[in-house]
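The values are calculated or read from the model by the stated rules, or taken from the named source; none is laboratory data. Computed from a predicted model, the values in this text were never measured in an experiment. A quick note on method: Cβ atoms are made from the backbone with ideal geometry, for glycine too, and the neighbour counts reach across all protein chains shown.
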Amino acid sequence: MKTKLNPTWRELELGCTVVEAGTSAEYKTGDWRSFYPKTDEDKCIACGVCYLFCPDHSRHIAPRKKKVEGAMYTHYFDFNFQFCKGCGICAAECPTGAIVMIEEGKK
Amino acid sequence: MKNRIEVGKPVGIEVSIAQSEVVAQCDVDVIAAYPITPQTHIVEHLAEIVADGDLDAAFIPVESEHSAMSACVGSSAVGARTFTATCSQGLALMHEILYIASGLRLPIVMSCVNRALSAPINIWGDQSDIMAERDTGWVQIFTENGQEVVDQTICAFRIAEDRRVMLPVIVNLDGFSMSHVIEPIRFYDTKQVRGFVGVYQPPLRLDPAQPMMFGPVGIPEIYTEAKKANDVALIESRQVIEEVWAAFAREFGNAYRALETYRTDDAEYLLLTVGGMSETASVAIDALREQGVKVGQVKLRLWRPFPHDDLAALLGKARGVFVFDRCLSTAGPGGPVASEVKTSLYNLRERPLVVGFIGGLGGRDVTVQQFADMVHKGIGYVAAGAAPVYEMVGVRE
Ligand code: SF4
Ligand code: SF4
C-alpha cells in the first residue's frame, strides 16, 4: 500500500500507525541542511562508523574500491544529499576525523 | 484457570481483592503497575495470583506510574491484554502517556481508585484525580459498589477490545469507601467470563515478522485528522458500550445504563451524583420522598463519552437539577460534572436551574442529612430563580 498524501480522517490507519516498513525513504530531509559533510578520502579508512551512526538514509555504501594500508576494500561510504540533514553526527563519530562540516554555499 | 472464588452466590470480599480476582478471570497477559494508596491491594493481590501460578501473565513492577503506563502502551502494542491500576498523584504522573494510549488506540484497561490530589497531601477519596484526565480520550466509567466494579471491569475489556472501539477504558471506584470495604459480591464462572470477554485479536500490532511503526510524528497536515478520528471513535464507542452492557445483562443478569435513575418518575427536582456517594444520596431521596418532596436521583455512570443527549432528555423537563461534585475546579465555572451538565442543557428552549454543590473532598464524609439539605437549598434557589455558580458543602466558615 502506498501511503496517501493528505488523507481524510476516515482514511487514517488506526492510531496513525504506519503499516509498512521503511517509509521514511519517501521523506526527503535534505532540504533541512545548513551544513554539509565533506570527507577527506585520504583520511577515510572505510570503517563504516559514519554509516552506522547516520540517523537518516544519507550515508550509503557506494560500490567503489579503496586501498587502505595496502589492502583493497570494495565498500566506500558516500553521502546522499537528498537525505543528509547536516546534523554532523558522522563528523563527530568518525574515528579518523575524515569528515568536516561545511556551511552550505561554501566550499 | 480454576474458579478461585465460589461462584453464583454473594461472597463477602474486599472490593479491591474482588477487582483483582475478576481481572485474573479476564485472562490478562500483562499487568504493569506501581503501588499507591488506596489502589495498593488491587496490584498486590494480582501479583499474588500471578505468583501462585493461577494466572499466566507477566507482572511488571515498575519505578513510577509514568513507567507503568509506558509499559502498558508497549505491551498493548504487541497485542497483549493489559491492565493497570492507579489513582491520584499516580494518575497525574501518567498524564502524558494517557493521551498516547488513546491516540495509538490501545485497549488498555485501568482501574482508578479515586483519590484527592495534593496539596495538602491527602490519601482519601474524591474525584479530583480523574476529573483532571477528562480530555485524555479514554472511555471513563463510574461505579458505586463492589458488584458494579466487578461487572464493569469485565465489560471494560470487551468494550476496549471491540474492533469498532479500540480505545483504553478507565473503571472508577471511590478510594477507601469502596476499595477497602468488604461487600457481598457475586462472582461468575471463569470460563463464562473468558467466553464473554473473548480472545483479544489486535487489528494491528508490533511484530518483527511484519514491521510497522506505532506513534509516528503527526505533522500539521495530519494532526487535525488524527484528533478527529479519535473523537469520532470515542463518541461512537457509546453504541458498543450499550451493546456490551446489554450482552452482560443477558449473560450475567445485571443491567447497566449510562445514566441510572432512582425515583425519577414525576420528579420535579433531580439530584445528580457520581460514584459511591450516590448510595448515601439515595437514602436522602427516600427520606425526602417520605416528606412529600418530588425529588429523584440521576446517577452518572458514563463520563466519557459524555451522554449529552440522554442528560438533556432526562433532566430537561425538571424544574431544578442539583449536581453534586467531589472535585473543585478551582475558581472555575463550577464542579466538572455540574459545568458539563449545564452545557448539555444550555441550548434547550426551556431548561431547569442547575445548582452546583461541591463536597466530599479529600475523604470528607457527606451525610444523608447533608444531601437532603442540598435538595432543600436547591429548591429554594429554584423558587428565587437564581443560584450561585457553585458552593461548597460542609465547609467550616
Ligand atoms: S550530517 Fe548527519 S545526516 Fe548527513 S551524513 Fe552526517 S550523520 Fe548523516
Ligand atoms: S567514519 Fe570516517 S573513516 Fe569511517 S568510513 Fe566514515 S568517513 Fe571513513
Flag for B:PRO305 being over 26 Å from B:VAL171 (Cβ atoms) and in contact with a helix residue (DSSP H, G or I) (Cβ under 8 Å, 6 or more places away or on another chain): no
Residue check for B:ARG158: of a type in the set (Lys, Arg) and more than 17 Å from B:THR86 (Cα to Cα): yes
Unmet criterion (only one of (1) more than 15 Å from ligand 2 (Cβ to nearest atom); (2) within 30 Å of B:ASP207 (Cβ to Cβ); (3) surrounded by 16 or more Cβ atoms within 10 Å (Cβ to Cβ)) for A:GLU26: (3)
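Residues B:PHE306, B:PHE324: which one is surrounded by 16 or more Cβ atoms within 10 Å (Cβ to Cβ) and part of a strand (DSSP E or B)?
Going through B:PHE306, B:PHE324 in turn, the sole match is B:PHE324.
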Residue that is surrounded by the fewest Cβ atoms within 10 Å (Cβ to Cβ), among those in the stretch A:92-107 that are outside any strand (DSSP E or B) and of a type in the set (A, V, I, L, M): A:ALA92
Answer residue from the stretch A:64-91, given it is of a type in the set (Gly, Ala, Ser), surrounded by 12 or more Cβ atoms within 10 Å (Cβ to Cβ) and more than 9 Å from ligand 2 (Cβ to nearest atom) and is farthest from the other protein chains (Cβ to nearest Cβ) among those: A:GLY88
Extreme residue, nearest to the other protein chains (Cβ to nearest Cβ), among residues of the stretch A:34-59 that are more than 8 Å from ligand 2 (Cβ to nearest atom) and surrounded by 18 or more Cβ atoms within 10 Å (Cβ to Cβ): A:ASP56
Test: residue in the stretch B:15-29 that is of a type in the set (Ser, Thr, Tyr), more than 19 Å from B:LEU98 (Cβ to Cβ) and buried (at least 19 other Cβ atoms within 10 Å of the Cβ): yes
Flag if A:ALA62 is touching an Asp or Glu at 6+ places or on another chain (Cβ under 7 Å) and either more than 8 Å from ligand 1 (Cβ to nearest atom) or of a type in the set (S, T, N, Q) (or both): yes
Residue check, A:THR17 within 14 Å of chain B (Cβ to nearest Cβ), modelled with pLDDT of 85 or more and under 30 Å from B:PRO203 (Cβ atoms): yes
Given (1) within 10 Å of ligand 2 (Cβ to nearest atom); (2) in contact with a helix residue (DSSP H, G or I) (Cβ under 9 Å, 6 or more places away or on another chain); (3) aliphatic (A, V, I, L, M), number of the condition A:VAL100 does not satisfy: (1)
Leading residue by the ranking (nearest to ligand 1 (Cβ to nearest atom)) among those in the stretch A:69-90 that are of a type in the set (A, V, I, L, M, F, W, C), out of contact with any Cys (no Cβ under 8 Å at 6 or more places or on another chain) and not in a loop (DSSP other than H, G, I, E, B): A:PHE79
Unique residue being within 11 Å of chain A (Cβ to nearest Cβ) and in contact with a strand residue (DSSP E or B) (Cβ under 8 Å, 6 or more places away or on another chain) when the list is B:PRO216, B:PRO211: B:PRO216
Residues (within 15 Å of ligand 1 (Cβ to nearest atom) and either outside any helix (DSSP H, G or I) or closer than 17 Å to A:GLU103 by Cα (or both)) located in the stretch A:15-29: A:TYR27, A:LYS28, A:THR29
Per-region count, the stretch A:30-45, residues more than 16 Å from A:ALA92 (Cα to Cα), more than 8 Å from ligand 1 (Cβ to nearest atom) and not in a helix (DSSP H, G or I): 3
Residue identified as more than 9 Å from every other protein chain (Cβ to nearest Cβ) and in a helix (DSSP H, G or I) among B:ILE222, B:ILE241: B:ILE241
Close pairs (9 angstrom Cβ cut-off, 6 or more residues apart or separate chains): over 12 Å from A:CYS94 (Cα atoms) in the stretch A:47-70, within 9 Å of ligand 1 (Cβ to nearest atom) and β-branched (Val, Ile, Thr) anywhere: A:PRO55/A:ILE89; A:ASP56/A:THR29; A:HIS57/A:THR29; A:SER58/A:THR29
Selection count where residues are within 14 Å of chain A (Cβ to nearest Cβ) and at positive phi, scope the stretch B:74-114: 2
Condition met for B:PHE59 (closer than 27 Å to B:LEU234 by Cβ, of a type in the set (Phe, Trp, Tyr) and in contact with a strand residue (DSSP E or B) (Cβ under 9 Å, 6 or more places away or on another chain)): no
